[in-house]
1. Hey, does the stretch 123-139 have a residue that's touching a helix residue (DSSP H, G or I) at 6+ places or on another chain (Cβ under 6 Å) and at pLDDT below 95?
2. Please count how many residues of the stretch 22-42 are buried (at least 17 other Cβ atoms within 10 Å of the Cβ) and in a strand (DSSP E or B).
3. Does residue 83 count as closer than 21 Å to residue 131 by Cα, without any contact (Cβ under 8 Å) to a residue 40 or more places away in the chain and surrounded by 14 or more Cβ atoms within 10 Å (Cβ to Cβ)?
């Protein structure tokens, strides 16, 4: 995987690369999925046309630092596992809005309308756990609405 510093006159494709923010203010550009040692923070943009694109069936947390989720277009729901009602979104992001997920909080997203998401996150130390699906009335197990997810 190639890591390089951007040229001062080079336009970068945020959807095809990641920006790794390093100590001292340096910025490295890497191809996706990114290096094993991602630096202090990773900035990335994602096309999200379905729940699969945002891993809606997985809870994620960053024990050491906050994560910033910025919606550029579309509409997405954000869930926090430790909220009073984890099956209900704590926020619905619309274009131009963002949410700061506090360090250590399990969270996941779902897509209401396809769009583009910009994230600023501490990649090192991220943790993941699979959510299970509760089937909707009349649906087969495993094919339920992701908004009714429960953690294993």
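1. Of the stretch 123-139, the ones touching a helix residue (DSSP H, G or I) at 6+ places or on another chain (Cβ under 6 Å) are 134.
The next check asks that each one be at pLDDT below 95; those that pass are 134.
Yes; the residues of the stretch 123-139 include at least one that is touching a helix residue (DSSP H, G or I) at 6+ places or on another chain (Cβ under 6 Å) and at pLDDT below 95.
2. Taking the stretch 22-42 and keeping what is buried (at least 17 other Cβ atoms within 10 Å of the Cβ), we get 28-30, 34, 38-39, 41-42.
Filter once more, so that each one left must be in a strand (DSSP E or B): 28-30, 41-42.
Here the count works out to 5.
3. Values: closer than 21 Å to residue 131 by Cα: yes; without any contact (Cβ under 8 Å) to a residue 40 or more places away in the chain: yes; surrounded by 14 or more Cβ atoms within 10 Å (Cβ to Cβ): yes.
Spelling it out, residue 83 is indeed closer than 21 Å to residue 131 by Cα, without any contact (Cβ under 8 Å) to a residue 40 or more places away in the chain and surrounded by 14 or more Cβ atoms within 10 Å (Cβ to Cβ).
Per-residue answers, yes or no, for (1) at pLDDT 95 or above; (2) assigned to a strand (DSSP E or B):
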{"position": "63", "(1), (2)": "no, no"}
{"position": "68", "(1), (2)": "yes, yes"}
{"position": "72", "(1), (2)": "yes, yes"}
{"position": "84", "(1), (2)": "no, no"}
{"position": "89", "(1), (2)": "no, no"}
{"position": "92", "(1), (2)": "yes, yes"}
{"position": "95", "(1), (2)": "yes, no"}
{"position": "100", "(1), (2)": "yes, yes"}
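The values are calculated or read from the model by the stated rules, or taken from the named source; none is laboratory data. As the structure is a prediction and not an experimental result, all values here were calculated from the model. Here Cβ is always computed from backbone atoms with ideal geometry, including for glycine, and neighbour counts include all displayed protein chains.
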